[in-house]
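Note sheet for the following structure.
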Amino acid sequence: MSIKNFKKAMTAAAVVALVAPAFASCNNTDKKASDSAAMEDIHLAQPEEAAAPAKTQMPYSAEFFKNEANKAASTSAADSTYVQTASGLKYAVIKEGTGKMPKATDKVTVNYAGQLTDLDATEFDSSYQRGEPTSFPLNGVIAGWTEGLQLMKEGAVYEFYIPADLAYGERGGGPVPPNAPLIFQVELISVDGE
């Protein structure tokens, strides 16, 4: 081997010695980046895979209750109608129950979702989102709930359109502005007695 060829070989070997680790580290970096991206994909996928409590699907918007054509001719609501009580509470039966009916003095356990009647139908509270039902004395809540839940039987799901005077009135409350009518979908799970 000539000196010239020897120098070329040594230069080539030196280049390979210098470049090979860089390629290896690129491959490792690519692998690490790929592994990291895969972990991020898994990490990002976890919240989607973890089943959040099912959000209730309210079948009736505020417009449904504002349209007099949807008002039932009698005191019972069909699938496409609502009933209005003497107080102004409006309700639609989504699912009829078969159990006990509560009295105003009873404690009840319910699942519910509450919405404002704004254009976005802003949900301001939901036991479904918290993942657990709630219990309370029926005479310790807004008047629209006290009246409305006494119309239900255990297992029923109703939707209420509650005028402001039967809700939080002029004072409002938390995310509910003053004088706001509200829509609630309520599932009466159980009547727990006094």
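The values are calculated or read from the model by the stated rules, or taken from the named source; none is laboratory data. Everything numeric in this text was worked out from a predicted model, so none of it was measured. No Cβ is skipped: glycine too gets one built from the backbone with ideal geometry, and neighbour counts run over all protein chains shown. Just the protein is used for accessible areas: all its heavy atoms, side chains included, with ligands, DNA and RNA removed. Shrake-Rupley method; radii C 1.70, N 1.55, O 1.52, S 1.80 Å.
See the values below:
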| quantity | calculated |
| --- | --- |
| Added length on full extension, which subtracts the Cα-Cα distance from 0.36 nm per residue, residue 119 to residue 104 | 2.1 nm |
| Filter on 90/153; 71/95; 66/107; 103/153 - keep pairs with C-alpha separation over 22 Å | 66/107 |
| Proximal charge balance of residue 178 [Cβ under 9 Å; K/R count +1, D/E count -1] | 0 |
| Accessible surface, 1.4 Å probe, highest first, among residues 146, 75 | 75, 146 |
| For residue 134, solvent-accessible area (1.4 Å; no DNA, RNA or ligand), Å² | 40 |
| Accessible area (Å², 1.4 Å probe, nearest 10) - residue 120 | 130 |
| Share of carbon and sulfur in the accessible heavy-atom surface of the range 75-194 [1.4 Å probe, %] | 50 |
